[in-house]
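Peer 1: Can you read through this structure? Questions will come right after.
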Amino acid sequence: MAPRAREAAAGTATATTTAPAPVPGGRAAARRGAKKAGRGANGRAGKPGGKDKGFIRRLFTWKKILGTFLGFAIAVIGAFIWLYVSTPIPAGNPDADLQSNVYKYGDGALLARDGDVNRENVDLATIPKPVQHTFVAAENKSFYSDNGIDLKGTARGVLNTLMGKGAQGGSTITQQYVKNYYLSQEQTVTRKLKELVISLKLDREKDKDYILAGYINTSYYGRGAYGIQAAAQAYYRVDADKLSVEQAAYLAALLQAPSQYDWAVASDTGKRLVQARWNYVLDNMVGQNWLDKSKREGMKFDIPKDPKAAPGKEGQIGYLVDAANSELANQLVATGVADDYESAAALVRKGGWTIELNIDKKKQKALEAAVKEQLTSKLDKKKRAVDGDVQAGAASVNPKTGAVVAMYGGTSYTEHYLNNATRTDYQPASTFKPVILAAAFDENAVTQDDKKITANTIYDGTSKRPVVGSDIGFAPENEDDQDYGPVTVQTALNKSINSVFAQMGVDVGMDKVLKVAADLGMHTKDLKAVPAQTLGTMGASPLQMAGVYATLDNHGKKVTPALIRSAENSAYPSFKHTDPIGAQVIDREAADSVTSVLTGVVDDGTAKLSVRDNPLRKGQKVAGKTGTSDNNKSAWFTGYTPDLVTSVGLFGESAKAPHPQVPMTGATNGLTSDDGRVNGGGFPALIWAAYTFGVSTEVTKFDLETDQGAAVQTAPPSPSSSPKPSASPSSSPKPSASPSSSPKPSTSPSSSPKPSTSPSSSPSGGTSPDPGTSSPSSGSGDPGNPILG
């Protein structure tokens with residue numbers, strides 16, 4: 001047999017002898033085995049992905065999904081609890097605390113707002129309930145019952161923030177208040193989560209009225225107005241407590257889109273939308289039973305007023321605002337709210353004050369008009385450089401209440417920031433002489449020869465006459481170096497004779513004179529008690545001098561000029577100037593005697609042409625005194641009626657920096673005195689008369705308890721009854737007869753029924769200073785330029 005045939009036969013025999021016996025199911029098993037053998041042979045699955053699908057089923061079972069969700073929920077809740085516990089209610093955003101100060105006239109009309117932010121917080125209790133409800137109806141009907149948050153709205157806001165879609169509505173009033181007051185306006189997830197937490201906490205810790213008040217006081221309403229009070233003024237010119245429901249509904253509607261819904265600038269679409277929202281607000285109020293349906297049907301949309309710029313500081317406003325701020329700061333120190341003036345001034349600048357001034361709007365306008373008519377309209381610095389150096393200041397005070405009813409600080413606060421009514425760097429000059437007389441009367445002072453000083457006491461009115469009885473040599477020059485010889489005190493004040501009052505100051509005692517000056521309201525703390533002070537060489541302001549004369553007018557009871565009537569701030573105690581009238585600082589008879597003498601200055605003295613003969617006077621009783629200082633650098637008239645005291649000062653201040661004091665001589669070129677000087681009896685007295693007589697409603701008379709002075713005399717003392725001047729200060733002239741025109745004789749320490757007639761300049765005994773060694777002095781270091789009347 002061939003080899004190939006033998007191999008085949010052998011293979012067949014082997015296969016036959018080794019084949020297993022057939023079993024049931026063997027074919028199926030063989031097929032399964034064949035499939036396994038096939039996968040094993042080529043190394044690939046029969047269907048791609050079979051193994052991965054089983055893995056995913058095992059990984060994402062319902063138990064695992066539920067467990068993961070619960071774990072995530074627990075983690076979120078835990079994180080929120082941690083956030084809630086670790087997030088305190090922060091201090092308010094400093095910008096949200098910023099408020100403007102609001103200044104009002106005495107009648108409540110708005111004078112000015114001053115501050116970086118136009119906001120004035122108001123107590124919710126002052127806002128009518130229906131007005132409160134307009135804001136709730138507009139923004140958050142469930143406000144009174146919810147827990148302070150809107151989860152759905154917040155979730156939507158977070159989602160939109162993550163998707164970059166910007167801010168979305170849906171927040172509660174509480175959340176909006178938190179955003180406005182405690183947080184920033186940035187749109188981040190962190191800020192929104194903090195808003196949620198703080199809102200929840202705030203709702204638990206504060207009542208709804210607190211939150212609503214914060215919301216309406218911090219929200220922005222457009223037109224630069226923050227808070228409901230500023231908005232009420234900006235859109236309807238009323239205070240928040242006077243808003244109607246219709247007006248409040250518009251303000252509530254504004255909050256959704258202040259710029260788009262401002263009626264003055266809104267497009268037709270904007271007007272339509274805001275009216276629709278206005279209706280929405282009112283309808284919601286009806287739905288909440290906050291508004292009667294019948295009243296709702298009768299309501300009409302109240303169109304807002306056009307925008308009006310808030311009063312700035314131009315004109316007199318800036319002077320009034322600064323003066324009020326200064327007075328308020330001093331009051332805060334006086335009441336212990338602040339430790340010092342700087343700290344108090346910072347509290348004022350912080351804002352939030354509502355300050356009502358005593359300023360009478362009509363009198364304020366009248367004073368401004370008088371200055372313009374009598375002075376500034378006549379000044380022309382293009383023609384005369386000196387005209388640009390003339391500054392005017394004035395203050396007007398009610399002597400019965402102390403109220404500052406008018407003030408003139410200068411041409412305009414934006415042009416000349418220094419307030420001429422309160423500045424104290426110019427000499428009051430001869431307006432100080434009544435203070436010396438008041439001290440003489442109050443102290444029952446006597447002359448060098450022990451005669452009581454009265455209105456009829458005779459003094460030597462010789463110019464450059466050395467004073468007697470002083471350790472300091474002083475020989476002042478009278479105006480124009482004029483000699484008057486023996487004159488009564490009444491005449492000496494009428495003619496403003498320097499030599500007489502220098503001697504009287506020494507007779508009274510300069511320390512006593514300065515004490516009475518301080519009691520009357522002048523600042524004398526750092527002044528030396530020297531005879532030169534009798535010429536008014538210290539500094540004083542029109543406001544100070546108005547206070548001094550007001551105390552005289554008020555029969556010796558201290559009058560402290562009060563610019564502020566009241567000041568309120570929710571963060572501090574309220575300040576009310578209920579009684580600026582103080583104690584009796586000089587005897588009533590002394591004060592009334594000075595007033596009586598001062599009527600002579602008006603009727604027979606340096607102010608007679610400007611005041612006595614003024615056609616507007618109409619019989620009005622007036623007391624006053626002029627003053628013209630060294631080298632004509634200041635000129636004054638301070639005068640009063642029984643109901644009004646006004647001090648007017650003119651000051652020479654160079655228009656060129658650094659603005660030194662300069663003479664005013666030559667101003668208006670011919671409209672001053674013959675020699676070109678600006679005297680107190682000129683422009684100051686004319687301004688005073690135009691203002692005072694212009695605002696006087698009736699003729700009044702002084703109620704005086706005195707038996708001396710021009711007010712009780714039928715005629716001034718006869719000059720022929722006065723003694724001739726003595727040849728020298730050391731000689732004593734013989735007494736003259738008492739003035740026959742005096743209805744009641746003045747009394748002396750010896751109880752003589754006749755007034756003292758011995759010149760006080762000639763003491764009985766002692767040696768007077770040598771006239772040749774006593775140089776004249778004006779008190780300012782310039783003997784060649786005397787203090788004038």
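The values are calculated or read from the model by the stated rules, or taken from the named source; none is laboratory data. All values derive from a computational prediction rather than experimental measurement. FYI the Cβ positions are ideal-geometry reconstructions off the backbone, even for glycines, and counts take in every protein chain you see.
Peer 1: Quick one: which of ALA252, ALA266 is assigned by TED's automatic domain parsing to the domain that holds PRO128 and at pLDDT 95 or above?
Peer 2: Result: ALA252 is the single residue among ALA252, ALA266 that is assigned by TED's automatic domain parsing to the domain that holds PRO128 and at pLDDT 95 or above.
Peer 1: What are the pairs with Cβ atoms under 7 angstrom where one residue, in segment 411-429, is more than 14 Å from ALA323 (Cβ to Cβ) and the other, located anywhere, is of a type in the set (Phe, Trp, Tyr) and assigned to a strand (DSSP E or B)? Sequence gap at least six, or different chains.
Peer 2: Every condition considered, the pairs that remain are TYR426/PHE651; PRO428/TRP636; ALA429/TRP636.
Peer 1: Would segment 609-618 turn up any residue that is crowded, with 24+ Cβ neighbours inside 10 Å, without any contact (Cβ under 8 Å) to a residue 40 or more places away in the chain and either over 19 Å from VAL371 (Cβ atoms) or among the hydroxyl-bearing types (Ser, Thr, Tyr) (or both)?
Peer 2: No.
Peer 1: Take ASP262 and tell me if it is of a type in the set (Asp, Glu) and within 25 Å of the chain's Cα centre (by Cα).
Peer 2: Here the answer is no, as ASP262 does not meet what is asked.
Peer 1: Any residue that is within 20 Å of GLU443 (Cα to Cα), in a strand (DSSP E or B) and in contact with a strand residue (DSSP E or B) (Cβ under 7 Å, 6 or more places away or on another chain) - is there at least one of those in segment 584-593?
Peer 2: Yes, that holds for at least one residue.
Peer 1: Let me ask another. Before we move on, is ALA583 touching a residue at least 60 places away in the same chain (Cβ under 8 Å) and not charged (D, E, K, R)?
Peer 2: So ALA583 does not fit the description; no.
Quick grid of which residues meet (1) assigned to a strand (DSSP E or B); (2) assigned by TED's automatic domain parsing to the domain that holds PHE651; (3) surrounded by fewer than 21 Cβ atoms within 10 Å (Cβ to Cβ):
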residue	(1), (2), (3)
ILE355	yes, yes, no
LYS365	no, yes, yes
LYS381	no, yes, yes
ASP387	no, yes, yes
ALA394	yes, yes, no
THR401	no, yes, yes
SER412	no, yes, yes
ALA421	no, yes, no
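Peer 1: Within segment 185-192, is even one residue modelled with pLDDT of 95 or more, in contact with a helix residue (DSSP H, G or I) (Cβ under 8 Å, 6 or more places away or on another chain), crowded, with 20+ Cβ neighbours inside 10 Å and not in a loop (DSSP other than H, G, I, E, B)?
Peer 2: No: segment 185-192 contains no residue that is modelled with pLDDT of 95 or more, in contact with a helix residue (DSSP H, G or I) (Cβ under 8 Å, 6 or more places away or on another chain), crowded, with 20+ Cβ neighbours inside 10 Å and not in a loop (DSSP other than H, G, I, E, B).
Peer 1: Related question: Taking interchain pairs and intrachain pairs at least six residues apart, which have beta carbon atoms under 9 angstrom, with the first residue in segment 295-316 and under 22 Å from GLY222 (Cβ atoms) and the second assigned to a loop (DSSP other than H, G, I, E, B) and β-branched (Val, Ile, Thr)?
Peer 2: PRO307/VAL265; GLY312/THR414
Peer 1: Kindly indicate which of ALA667, ALA690 is of a type in the set (A, V, I, L, M, F, W, C) and more than 26 Å from TYR549 (Cα to Cα).
Peer 2: None of the others qualify; the one that does is ALA667.
Peer 1: Only one of these is surrounded by fewer than 17 Cβ atoms within 10 Å (Cβ to Cβ) and either among the β-branched types (Val, Ile, Thr) or touching a helix residue (DSSP H, G or I) at 6+ places or on another chain (Cβ under 7 Å) (or both): GLN260, GLN247. Name it.
Peer 2: When all the criteria are applied, what remains is GLN260.
Peer 1: Could you check segment 217-249 and list, in sequence order, the residues that are small (Gly, Ala, Ser) and either under 23 Å from SER570 (Cβ atoms) or modelled with pLDDT of 95 or more (or both)?
Peer 2: Answer for segment 217-249, where residues must be small (Gly, Ala, Ser) and either under 23 Å from SER570 (Cβ atoms) or modelled with pLDDT of 95 or more (or both): SER219, GLY224, ALA225, GLY227, ALA230, ALA231, ALA232, ALA234, ALA240, SER244, ALA248, ALA249.
Peer 1: Kindly check whether there is at least one residue in segment 308-315 that is at pLDDT below 95, of a type outside the set (D, E, K, R) and either touching a strand residue (DSSP E or B) at 6+ places or on another chain (Cβ under 6 Å) or more than 21 Å from GLU368 (Cβ to Cβ) (or both).
Peer 2: Checked against the condition, which is being at pLDDT below 95, of a type outside the set (D, E, K, R) and either touching a strand residue (DSSP E or B) at 6+ places or on another chain (Cβ under 6 Å) or more than 21 Å from GLU368 (Cβ to Cβ) (or both), segment 308-315 yields at least one hit.
Peer 1: Oh, and also: Determine whether LYS558 is surrounded by fewer than 17 Cβ atoms within 10 Å (Cβ to Cβ), touching a helix residue (DSSP H, G or I) at 6+ places or on another chain (Cβ under 8 Å) and not in a helix (DSSP H, G or I).
Peer 2: Judged against the criteria, LYS558 is not a match.
Peer 1: Restricting attention to segment 505-543, report how many residues are farther than 21 Å from ALA492 by Cβ, assigned to a helix (DSSP H, G or I) and touching a Gly at 6+ places or on another chain (Cβ under 8 Å).
Peer 2: 1
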